[in-house]
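What follows is one structure encoded as structure tokens, with my remarks underneath.
Readers should treat all values here as calculations from the given coordinates under stated rules, not as data from a laboratory. The structure displayed is predicted, hence computed values, not measured ones. Note that each Cβ is placed from the backbone with ideal geometry, even for glycine, and that neighbours are counted across all protein chains shown.
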Amino acid sequence: MHEVGMVAALVDAVVASVGGRRVDLVRVRHASTVPEDVLRQTFAMLTAEGPLAGAALETEVFPVRLACPCGFDGALGHDDVIGPGQAVCPSCGGLRAFPPTPELELVRVLATT
Ligand SMILES: [Zn+2]
């Protein structure tokens, strides 16, 4: 699962940004192609120890959209994406390209001062 690498990079960025303080809350934006439960499980697994132990995770979703010649125009889910920039249209099943988007972005970190 590539989610593990993505979340690990995010956790590293948070740890680097807080300079040894304890982290209370991390807010992220994630693409509709990343399942929230996977994100939460991975975050919990990777932050069980260290400065992020017990930190809350807040998430907001943004859609990764696909416009297909069949008329479908909507958000892609995790199972629709088969590779970087490649998806299967949920409506007609055709192989379509879409612009690769960052799937996980750090919005805010709250750390104990
Ligand atoms: Zn289609």
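Using Cα atoms only, what is the angle between the long axis of helix 2-18 and the major principal axis of the chain, expressed in degrees (0 to 90) to the nearest 10?
Once rounded, the angle reads 40 degrees.
Under 5 Å between amide H atoms, partner at least 5 residues away or on a different chain: which partners does SER32 have, H built in plane at 1.01 Å?
PHE62, VAL64
Provide the net charge surrounding MET6, with neighbours chosen by a C-beta distance below 12 Å and charges set as Lys +1, Arg +1, Asp -1, Glu -1.
-4
With only alpha-carbon pairs counted, each pair once and no self-pairs, how large is the Kirkwood hydrodynamic radius of region 1-70 in angstroms?
About 13.1 Å, per the Kirkwood formula over Cα pairs.
Taking the Cα centre as origin and putting +1 on Lys and Arg beta-carbons and -1 on Asp and Glu beta-carbons, what dipole magnitude results for region 2-111, to the nearest 20 debye?
Details: 8 positive and 13 negative charges, 51 e Å.
That gives a dipole near 240 debye.
On C-alpha positions alone, give me the angle between the axis of helix 36-46 and the longest principal axis of the chain, in degrees, nearest 10.
Long axis of 36-46 versus the principal axis of the chain: about 30 degrees.
Give a residue-ordered list of calculated ³J(HN,Hα) values for region 76-84 (Karplus: 6.51 cos²θ - 1.76 cosθ + 1.60, θ = phi - 60°; whole Hz; x for Gly, Pro).
8, x, 4, 6, 7, 8, 10, x, x
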